[in-house]
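The values are calculated or read from the model by the stated rules, or taken from the named source; none is laboratory data. Every value quoted in this text rests on a predicted model; they were computed, and no experiment measured them. Don't worry about glycine lacking a Cβ; one is built from the backbone with ideal geometry, like all the others, and counts go over all protein chains shown.
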Amino acid sequence: MKTVKVKLFGGFKKFIPSGYLELQVQENCGVNLLKAEIQKHLESHSPEFLGSQLVFDSVLASDVEILNDNESIVECASLALLPPVCGG
């Protein structure tokens, strides 16, 4: 197991005011599995998040790139969960 720290932005800060999560995940954890763990954490700590698809509509990014949903997470200084945005 390893600890992964994920910075949260946008609408996620409504549910986690600190702006970050630290989760224990398997060594070979992939992006999709980490998103599922984030979803479970948010639902268990914020009942109003139940049924939300925001985590799965968002992207995970490392310090240098956006990660593909089927990539494995390698050692990163930090990860960020970036919700979709609109505007001009």
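A few points about this structure:
- Per-region count, region 6-34, residues among the hydroxyl-bearing types (Ser, Thr, Tyr) and out of contact with any Leu (no Cβ under 7 Å at 6 or more places or on another chain): 1
- Residue within region 6-19 that is in contact (Cβ under 8 Å) with a residue 40 or more places away in the chain, out of contact with any Cys (no Cβ under 7 Å at 6 or more places or on another chain), farther than 20 Å from ASP57 by Cβ and not in a helix (DSSP H, G or I) present: no
- Output for region 34-88, where each listed residue is farther than 12 Å from GLY11 by Cβ, in a loop (DSSP other than H, G, I, E, B), in contact with a strand residue (DSSP E or B) (Cβ under 7 Å, 6 or more places away or on another chain) and polar (S, T, N, Q): SER62, ASN70, SER78
- Per the conditions (1) surrounded by 11 or more Cβ atoms within 10 Å (Cβ to Cβ); (2) without any contact (Cβ under 8 Å) to a residue 40 or more places away in the chain; (3) among the acidic types (Asp, Glu), the sole criterion not satisfied by GLU71 is (2).
- Residues of region 20-48 that turn out to be in contact with a helix residue (DSSP H, G or I) (Cβ under 8 Å, 6 or more places away or on another chain), within 18 Å of SER62 (Cβ to Cβ) and free of Cβ contacts under 8 Å to residues at least 12 places away in the same chain, as a count: 0
- Checking each residue in region 23-45 for being touching a Ser or Thr at 6+ places or on another chain (Cβ under 9 Å), surrounded by fewer than 15 Cβ atoms within 10 Å (Cβ to Cβ) and either β-branched (Val, Ile, Thr) or at pLDDT 85 or above (or both) picks out only GLN24.
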